[in-house]
Amino acid sequence: MKNKLQKGMTFLELLVAMFVLIVGISGVAAMLSNTMSASNSNVSRLQAAYLAGEGVEIVRNIRDNNILNYNGWHNGISPGSWEVVYDSMTLSGVDPANPNFLKIDNNGFYNYDVGVILLSKELLILILMEMF
């Protein structure tokens with residue numbers, strides 16, 4: 001009689017242990033999934049921050065060239081929404097109804113022509129000027 005009772009308890013212990021193990025593994029899987037999702041989000045945010053910094057540097061470069069060439073510092077820079085290209089010294093306007101998405105090509109360069117769509121890169125310039 002003791003053997004049958006002991007076998008039943010062993011089976012019940014096995015079921016409880018499996019339940020605890022499954023709950024533990026599913027918790028770890030959920031945690032890994034959340035970590036991966038957060039990591040991908042952080043990569044996108046970091047890319048966006050670097051691309052925004054690149055846009056600001058291009059505008060500064062245009063401003064500095066204007067000053068060196070004795071033009072008005074804001075020549076070619078006006079308030080609005082603009083797209084910038086890293087190898088260009090001009091800004092192109094953005095049509096809000098038809099946005100141009102930033103793409104990355106096979107060589108790892110960003111452009112608006114060919115490649116895989118990455119982000120929408122738009123530079124919003126707000127210039128506060130005091131008119132005399």
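The values are calculated or read from the model by the stated rules, or taken from the named source; none is laboratory data. What you are looking at is a predicted structure, and each value in this text was computed from that prediction instead of being measured. Methodologically, a virtual Cβ is constructed for each residue, glycine included, from the backbone with ideal geometry; neighbour enumeration extends over all protein chains shown.
Scan the stretch 73-94 residue by residue and report those that are free of Cβ contacts under 8 Å to residues at least 24 places away in the same chain, more than 18 Å from residue 109 (Cβ to Cβ) and surrounded by 11 or more Cβ atoms within 10 Å (Cβ to Cβ).
73, 75, 76
Spot the failing condition for residue 129; the list is (1) modelled with pLDDT of 80 or more; (2) in contact with a His (Cβ under 9 Å, 6 or more places away or on another chain); (3) not acidic (Asp, Glu), and only one is missed.
Looking at each condition in turn, residue 129 falls short on (1).
From 77, 67, 62, 58, which residue is at pLDDT 75 or above, touching a Phe, Trp or Tyr at 6+ places or on another chain (Cβ under 6 Å) and either in a loop (DSSP other than H, G, I, E, B) or β-branched (Val, Ile, Thr) (or both)?
Selected residue: 67, the only one of 77, 67, 62, 58 that is at pLDDT 75 or above, touching a Phe, Trp or Tyr at 6+ places or on another chain (Cβ under 6 Å) and either in a loop (DSSP other than H, G, I, E, B) or β-branched (Val, Ile, Thr) (or both).
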